[in-house]
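Chemist: Input: one structure, supplied below.
Each value in this text was obtained by applying a stated rule to the coordinates, not by laboratory testing. Just so you know, these numbers come straight off a predicted model, no measurement behind them. Here the Cβ positions follow ideal geometry from the backbone for every residue, glycine too, while neighbour counts run over all protein chains shown.
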Amino acid sequence: MSAFVLENVPGVSSAGVKLQASSQAPCNSATSMRISEASRSSLLAGAAAAVAGWVGRSRNVRDAKGVRPARAVTAVARHAGTELDEYGPWSFVKLVNGDSEATVYLRGAHVTSFKVAGVEWIGMRADCKLDGTKQNISGGIPICFPQFGPGEVIVQHGFARNMDWKFLAEESSDGVCVLELTETEETKKVWPHEFRCKFKVELKDGELDTSLKVENLSKSDCEFSCGLHSYWNVSDIDALIVKGDFNGCMKTDRTADPPTPFEYKQDEITINSFADEMYGKVLPGTVVLEDPGKGELQIKSGGGWKDVVVWNPYGDDKVGYKTFVCVESVETETVSLAAGKAWEATMDLVPRNK
Ligand code: TA6
């Protein structure tokens with residue numbers, strides 16, 4: 001056992017950092033380095049410990065004398081881990097499990113990276129900023145709540161993606177993080193309800209599972225729409241095929257005026273011009289991105305997700321249109337949630353690298 005202790009970590013009462021010198025390849029993640037680089041001598045002292053996970057807050061890591069360790073390079077292997085990094089302008093949680101890693105920002109409870117064996121499956125826009133100079137994150141998996149799309153009172157795609165969610169250390173565990181958002185005086189001005197959203201992200205070895213739960217804590221019904229406005233990293237938008245249970249669904253081209261639904265007659269979608277399309281009531285179900293350059297991604301949506309929105313600003317180089325596509329799991333219709341009730345939806349990602 002190493003000499004590290006975790007200070008002031010709610011729900012993590014024991015010194016839960018176990019390290020082991022190992023012949024296995026080191027994990028490449030920055031967070032593993034933060035822990036693993038902590039102290040070469042402490043690591044060697046901990047070499048007898050079995051490989052184990054950890055849940056930690058990097059800011060609170062100290063050695064036995066209470067000194068924050070310097071960074072240095074060493075090789076450490078572990079099975080799964082979760083760490084909150086609070087160094088930068090926006091805090092984020094790093095998850096690792098086997099050769100998979102993921103990053104979740106507290107701003108918007110926003111997944112910005114999911115890699116398996118070094119292959120990235122989450123798309124980020126070229127104009128994305130993670131330094132706090134933009135209100136939200138352009139790319140990744142934005143959570144749109146309590147409104148999907150534009151509106152008159154609430155901002156486009158809702159306020160949840162513009163807010164800092166709380167990391168629940170006591171509900172998180174190795175490879176798992178749970179983030180929470182509740183109402184504020186500001187949210188009540190535009191959406192007068194007490195609520196709790198919980199977003200759970202679980203990194204398995206080779207899979208990322210998410211679940212979003214919305215609880216109505218008000219004394220009356222609340223109404224919302226919701227979506228995961230997910231950006232996926234693709235090798236080349238022109239070569240991508242999106243497959244799913246689309247044949248026979250009602251498609252709406254949202255760029256048409258007026259946007260009139262019509263029956264879609266195939267199971268494949270390809271993109272070769274500006275696309276903003278909604279495929280109604282095709283979820284729960286699985287949509288597959290077939291990317292000849294990198295493999296395939298299964299997007300398995302369950303629970304309350306009903307519709308798929310496909311968006312790509314084709315031709316817009318400023319946002320890097322060629323290397324991302326939005327294939328979004330959405331509930332576009334208004335959900336009416338009674339007082340004390342909860343609504344839940346899941347989206348699991350299963351990639352297969354080429
Ligand atoms: O979900 C599709 C869409 O609403 C498009 O109509 C387009 O406005 C896009 O999202 C904007 O995405 P952004 O991440 O910039 O909010």
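Chemist: Quick one: length gained pulling residue 183 to residue 119 fully straight, 0.36 nm per residue minus the C-alpha distance?
Modeler: 19.4 nm
Chemist: For 279, 87, 314, what's the fewest-to-most ordering of other Cβ within 10 Å of each Cβ?
Modeler: Listed from fewest to most nearby Cβ atoms, that is 87, 314, 279.
Chemist: Next question. Using 0.36 nm per residue of separation minus the Cα-Cα distance, give me the extension gain between residue 236 and residue 253 in nm, one decimal.
Modeler: Answer, rounded to one decimal: 3.9 nm.
Chemist: Using a 7 Å offset from Cα along Cα-Cβ at residue 155, what residues in the stretch 104-120 end up with backbone N under 14 Å from the label point?
Modeler: Under 14 Å, as judged by backbone N against the label point of residue 155, lie 107-109 of the stretch 104-120.
Chemist: In what sequence do 352, 161 fall when counting other Cβ within 10 Å, fewest first?
Modeler: 352, 161
Chemist: Multiply the residue gap between residue 296 and residue 276 by 0.36 nm, knock off their C-alpha separation, and tell me the result in nm, one decimal place.
Modeler: Additional length available on full extension: 5.0 nm.
Chemist: For a quick check: with amide H placed at 1.01 Å from N, whose amide H comes under 5 Å from residue 320's, ignoring anything fewer than 5 positions away on the same chain?
Modeler: When sequence neighbours closer than 5 places are left aside, the close amide H contacts are 126.
Chemist: Which of the lysines could a cross-linker span from residue 188 if the Cα-Cα distance has to be under 17 Å and same-chain partners fewer than 8 positions apart are dropped?
Modeler: Within reach: 219.
Chemist: Specify the inter-centroid distance of the stretch 199-223 and the stretch 258-312, based on alpha-carbon positions, in whole Å.
Modeler: Here the two parts' Cα centres lie 22 Å apart.
Chemist: Right, here's the next one. Between residue 220 and residue 190, what is the label-point separation in nm under the 7 Å Cα-to-beta-carbon projection?
Modeler: 2.1 nm
Chemist: At a 10 Å Cβ-Cβ cut-off, how would you order 91, 138, fewest neighbours first?
Modeler: Neighbour counts put them in this order, fewest first: 138, 91.
Chemist: If the only charges are +1 at each Lys and Arg Cβ and -1 at each Asp and Glu Cβ, what is the size of the charge dipole of the stretch 184-300 around the Cα centre, to the nearest 20 debye?
Modeler: Dipole of the stretch 184-300, to the nearest 20 debye: 500 debye.
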